[in-house]
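Notes to accompany the following structure.
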Amino acid sequence: MRYIIGIDDHDSYNLGCTTHFSVILLSKLLKNHNAILLDMPYLVRLNPNIPWKTRGNASIRIEIEFNGTKKELADLIFSYSTKYVKEISFALERDRKPGLAIIEYNNYVRSLSKLNSFYLKGVSDVIPLDYAKRFAEKTDIEVRGDRGIIGSIAALGVYGAYTYELITYRKRENWLKKRIIDTESVKRFDEITFPMTFANYDYVKENPFIIPHGSDPILYGVRGTSIEDLLKALHEIKTNEDIDFFAIFKSNQGTSIHFHKTGEFFYQEIKKVIEVRSVEVGKGGDVLIRSTNNDILFVYKETGELNNAAKLLKAGDKILVLGAIKPSTKYEKIIELEQFEIIELNDIEYTNPKCPKCGSSTESLGRNKGFRCKKCRYIIKSSSKVIKRVSRDLSLGVYQTRIYRHLTKPLFLELRYTNKQFEDEIKFLDLFRAELYKINYVL
Ligand SMILES: [Zn+2]
């Protein structure tokens, strides 16, 4: 029987992660239970705005042929899952609530549009556990576990454009040691493979983006749209430790799918045109924009280019904003901007008229009282200011942060699916099966 499996919430803040578990699980299913791998594993990022998310809020989708019922498969996977969170990630102690979901392939095909909607809700909204459980029952999805069920079901329905991520894993004895990676080799890799790989190196802060900072099993993760280029990382990127094993995941990272469905409620993404009323730059460098409709928008300093552009906005500018709606104790509701597009720049300024006698500047005598020349004291009776066109340091177009959130599509990225990609995926599956057979994890 052909099955699609979703797993989620095996991470802890320190050790272990859902992607790591998924690769070990695949190795067990193939080696010990004669399962056949039918597709690359899929790393599915969900709503980035949910406050109780693990680092990055990711779940996994895998597709296999398995000789048994979906109940048997669910019990088998859940037994590995339980061992993993107890012995490797200690996830339960850190309030993770692992879950899994399994659907039989023919049922998956029949239920595809329902599953796609559930996935879309998962990337853009908040789904309660009760709702997920009822959905599973109605759709004949086998579930095990707790809160992770939500992300697991969402992963089953993933669709649309995708990218890839190559993830290398550390040997367990190194997890607590500092990662040492030759940054020059990361830059070289970036030069060779950009734009087929992206977000490798932060040229502003001189730091590789590819290294996580916790004591999790990931050595580095490289994102891109070409499997062939991603595989180059394995020999181009120099580290001081041997990798334990690696995997390439398909992923919805870098596709901006979270903007597909927007809303008006907390933790949803919002997309709307606003007119700027005022722009304030806080002490730390964060920019607060107020709109003429009383929206409060924040552009944090960490967003780099986006923050710099926001500082140059002024009253009357019209922008299309994309961001997350968050609760705020001070303002009740704020929008944290991820991107904006300038639609119209206000290049009009109202100034005092010049003195008609000597050409010097004038000062106002108060509302509707006219102006007086600062030099020759000539008084202008007219009370209206003069319209002046000013040049702006911004241009129309899209501004986005340099540091991407997982789901945000870099502006330069082209998401096209080609025959070459398809052939590379088929080739990679063979390589990956061989890699899975090498893994010897005691679980
Ligand atoms: Zn004058």
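Restricted to the range 349-384, and to residues there that are surrounded by fewer than 12 Cβ atoms within 10 Å (Cβ to Cβ) and away from the ligand (no atom under 14 Å from the Cβ), the residue that is nearest to Gly316 (Cα to Cα) is Tyr350.
Evaluate the following for Gly359: is it outside the structural domain of Ile342 (by TED's automatic domain parsing), free of Cβ contacts under 8 Å to residues at least 12 places away in the same chain and not β-branched (Val, Ile, Thr)?
Working: outside the structural domain of Ile342 (by TED's automatic domain parsing): yes; free of Cβ contacts under 8 Å to residues at least 12 places away in the same chain: yes; not β-branched (Val, Ile, Thr): yes.
Against the criterion (outside the structural domain of Ile342 (by TED's automatic domain parsing), free of Cβ contacts under 8 Å to residues at least 12 places away in the same chain and not β-branched (Val, Ile, Thr)), Gly359 qualifies.
For the range 385-415, give me each residue that is without any contact (Cβ under 8 Å) to a residue 60 or more places away in the chain and in a loop (DSSP other than H, G, I, E, B). Within the range 385-415, Lys385, Val390, Ser391, Ser395, Leu396, Leu411 meet the criteria.
Residues in the range 288-342 that are among the charged types (D, E, K, R) and under 28 Å from Val204 (Cβ atoms): Lys301, Glu302, Glu305, Lys311, Lys314, Asp317, Lys326, Glu336, Glu338, Glu341. When the range 118-166 is filtered for residues that are of a type in the set (D, E, K, R) and in contact (Cβ under 8 Å) with a residue 12 or more places away in the chain, the ones remaining, listed by number, are Lys121, Asp125, Lys133, Asp140, Glu142, Arg144, Asp146, Arg147, Glu165.
Taking the range 98-172 and the strands (runs of 3 or more DSSP E) fully enclosed by it, no element has 3 or more residues that are surrounded by fewer than 21 Cβ atoms within 10 Å (Cβ to Cβ). No other residue among Glu236, Glu280, Glu264 is over 20 Å from the mean Cα position of the chain (by Cα), among the charged types (D, E, K, R) and outside the structural domain of Asn419 (by TED's automatic domain parsing) apart from Glu280. Summed over the range 290-349, residues that are in a helix (DSSP H, G or I), at pLDDT below 95 and among the charged types (D, E, K, R) total 3.
The values are calculated or read from the model by the stated rules, or taken from the named source; none is laboratory data. Because the structure is a prediction, the values reported are computed rather than measured. For neighbour counting, all protein chains shown are included, and Cβ atoms are generated from backbone atoms with ideal geometry for every residue, glycine included.
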